[in-house]
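Here's the structure, in structure tokens; my notes come after.
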Amino acid sequence: MSANGGTSTIDSASVRYHGLDALRAWAMSMGIVLHAAWIMIPGEAGAPMTDASASSVPEFICLAIHTFRMQLFFALAGLFACLLLRKRGPRKFAINRTQRIVLPLVVFWLILCPIMVWQYNAAGLASGAIQGDQSAWELTVDYFANINISNVMLLHLWFLYYLCW
């Protein structure tokens, strides 16, 4: 009973689900483990340049984490988005998603994509995975000179693109 004699109800849109927040944080932190293991995988499945002590154990770790992590992350993101939509309404929800997903996608793509394309080219040239007489910088400039909607690489920002949808 509340102070005014009526029964108290809790608005389900304003409840904070700390356990689900923790689960989301854990799923995101598994990405660190996954990417740390990725550089230890030998061959084509691994990074452009792998560690000399690469083995199949990290490959198993990556596979195990990949089987559930992103599905879990997107299911939780959908649940939290639904709760946010119910709490704030469509207009404020759209503004929030634009500020927290679309804007970071655009800004960080402009910053990170040139750096990461260059890094992949440099590692590929150093490991022999990329053959040719162009430098990593020249390969990167060529990529951006010929970029169009069909060959845009979102790299590690791909998940923000999917969250937009």
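Here are the numbers for the structure shown:
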quantity: Kirkwood hydrodynamic radius over Cα pairs of region 8-159, then Stokes diffusion coefficient at 20 °C and 1.002 mPa s, in µm²/s; calculated: 115 µm²/s
quantity: Net lengthening on full extension, ALA94/LEU79 (0.36 nm per residue, minus Cα-Cα); calculated: 3.8 nm
quantity: Cα-based radius of gyration of region 73-165 once divided by 2.2 N^0.38 Å, which approximates compact folds; calculated: 1.45
quantity: Per-pair calculated FRET efficiency, R0 = 30 Å: HIS18 and LEU157 via Cβ, rounded to 0.05; calculated: 0.60
quantity: Computed [θ] at 222 nm, helices only, for the chain once each DSSP H run of length n ≥ 4 contributes -39500 (n - 2.57); calculated: -20000 deg cm²/dmol
quantity: Cβ crowding within 10 Å averaged over residues, with 115-122, 157-164 ranked highest first; calculated: 115-122, 157-164
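Since every read-out is calculated from the coordinates, none of them should be taken as a lab result. This structure is a prediction, so every number in the text was calculated from the model and none was measured. As a convention, Cβ positions derive from the backbone with ideal geometry for all residues, glycine included, and neighbour counts pool all protein chains shown.
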